[in-house]
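The values are calculated or read from the model by the stated rules, or taken from the named source; none is laboratory data. Being a predicted model, the structure only gives us computed values, none of them experimental. Heads up, the Cβs are rebuilt from the backbone with ideal geometry, glycines too, and the neighbour counts pull from every protein chain shown. Accessible surface is based on the protein model in full, side chains and every heavy atom, while ligands, DNA and RNA are left aside. Shrake-Rupley method; radii C 1.70, N 1.55, O 1.52, S 1.80 Å.
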Amino acid sequence: MNWIAIINFLLIAGAIQGFIFFAVTFLLKKKIGPVILFLTLTVLFISLNNLQAWLIDSGYSSGLFYIKHMLVPWYLLILPCFYSFLVYYLNVEEHLRTYIKPALAILLFELILRSALIAYVYYGSSSGDVEAIATYTSAEEVVNAVFSLFIFFKAILLVFKKSSLYSEILDYDDIKWIKLFLILGSAVFLLWIIAIAVFNTTGSESAYYPLRLATSVLLYWIGYQGLFRYTITQDRILLRKSFTDKLLPKDTSDRRSIGKTDFVNEKHDKSFRALEKHILEHQKYLDQLLSMEKLAAELSISPGHLSKLINAYSGQNFSDYINEYRIEQAKKLLSDPTFKPYTIVAIGLECGFNSKSTFYSAFKKFTGQTPSDFRAQHMDLS
């Protein structure tokens with residue numbers, strides 16, 4: 001099986017997917033802010049770069065001398081666009097500069113230089129030798145790789161060393177997905193360095209195929225992941241500002257299912273009422289990081305005693321006890337037409353769950369329905 005043909009097929013398929021992603025995003029989004037703009041441009045430049053590589057490898061380049069040798073270094077714009085996306089996503093644009101203008105200046109300069117070189121070879125060289133163009137292409141790639149590596153390094157510093165700049169966004173997104181991308185991106189840069197070294201040493205372009213495939217998969221993933229995460233983050237920010245009047249009542253709820261044990265007495269009954277009051281008055285159930293140890297410390301009791309209280313008076317373990325509050329809060333939002341524009345995942349996360357899967361599992365456990373079915377049912381009734 002011809003693995004080069006397979007990679008070329010994946011490249012063109014990915015390029016088409018990228019163009020669709022770019023077009024659909026701009027068509028469906030009513031308002032295109034900097035985050036969405038730079039994210040979609042990142043995907044667009046990957047697609048253009050892969051399309052150009054596919055056309056060359058497949059022999060579809062023009063017979064015209066100028067067009068045949070006019071290679072546009074689209075890859076030069078990928079990292080600047082991604083870094084700009086990062087700066088705006090983390091809301092640190094007031095503290096850091098982006099590199100779009102320098103990248104565009106370098107791109108324009110390189111296109112002018114390449115055009116002049118092509119004209120010289122075509123009109124001025126007696127032999128019409130294209131070796132000068134190939135040498136220039138290699139030198140151009142090295143320069144662009146150094147520039148891209150510089151921006152990638154700046155992105156790593158921002159994410160791993162400057163978390164104080166974007167502490168606010170960490171209330172809505174732990175950005176583990178961005179950190180994973182940068183770690184995997186380091187491996188892709190290593191592939192790029194190897195490809196450049198192999199090509200300049202042997203003249204073989206085979207080392208570029210793994211690079212193109214890895215880059216496409218990784219950056220298309222960041223495109224879709226970034227769009228999904230940004231939508232959820234924006235929903236959570238707006239939700240947190242708008243559903244303060246939709247919180248559970250702060251009076252203690254009668255959720256007790258008291259068992260007949262020696263543990264149940266007047267003193268413990270009072271302690272359990274204090275527990276419920278503390279949870280409701282301070283909306284502790286909305287805290288994704290809430291633990292038995294943390295809650296016990298706030299109540300000045302031991303985790304073991306807290307566990308016995310919850311089990312004896314609610315008939316539940318700690319996780320189910322807190323999740324029931326969260327589900328009740330989620331039901332209030334999902335059944336309210338005011339919150340229909342917000343994604344279900346964002347609602348679940350704002351109600352205290354730390355992932356989509358735990359929210360859906362808990363919701364099905366307590367209601368017998370998925371959040372989607374529950375919302376649809378109540379929206380139909382309204």
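Figures for the structure shown
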quantity: Residue under evaluation residue 206, criteria (1) within 15 Å of residue 79 (Cβ to Cβ); (2) more than 19 Å from the chain's Cα centre (by Cα); (3) surrounded by fewer than 17 Cβ atoms within 10 Å (Cβ to Cβ), criterion not met; calculated: (1)
quantity: Residue in region 292-313 that is on the phi < 0 side of the Ramachandran plot, touching a Phe, Trp or Tyr at 6+ places or on another chain (Cβ under 7 Å) and not in a helix (DSSP H, G or I) present; calculated: no
quantity: Residue 294 being over 24 Å from residue 239 (Cα atoms), modelled with pLDDT of 95 or more and out of contact with any helix residue (DSSP H, G or I) (no Cβ under 7 Å at 6 or more places or on another chain); calculated: yes
quantity: Single condition residue 179 does not satisfy, out of (1) free of Cβ contacts under 8 Å to residues at least 12 places away in the same chain; (2) closer than 30 Å to residue 348 by Cβ; (3) basic (Lys, Arg); calculated: (1)
quantity: Subset tally (residues that are of a type in the set (Ser, Thr, Tyr) and in a loop (DSSP other than H, G, I, E, B)) for region 339-382; calculated: 5
quantity: Subset of region 324-374 [of a type in the set (Lys, Arg), closer than 24 Å to residue 175 by Cβ and open to solvent by 60 Å² or more (accessible area, probe 1.4 Å)]; calculated: 356
quantity: Given (1) within 24 Å of the chain's Cα centre (by Cα); (2) of a type in the set (A, V, I, L, M, F, W, C); (3) at pLDDT 95 or above, number of the condition residue 190 does not satisfy; calculated: (3)
quantity: Scan of region 192-240 for residues that are among the small types (Gly, Ala, Ser), under 26 Å from residue 6 (Cβ atoms), assigned to a helix (DSSP H, G or I) and touching a residue at least 12 places away in the same chain (Cβ under 8 Å), ordered by number; calculated: 195, 214, 216, 223
quantity: Filtered residue count, region 149-175, keeping only those that are exposed (fewer than 12 other Cβ atoms within 10 Å of the Cβ) and of a type in the set (Lys, Arg); calculated: 1
quantity: Extreme residue, nearest to the chain's Cα centre (by Cα), among residues of region 308-320 that are open to solvent by less than 50 Å² (accessible area, probe 1.4 Å) and modelled with pLDDT of 95 or more; calculated: 320
quantity: Tally of residues being among the hydroxyl-bearing types (Ser, Thr, Tyr) and open to solvent by 40 Å² or more (accessible area, probe 1.4 Å) across region 232-249; calculated: 2
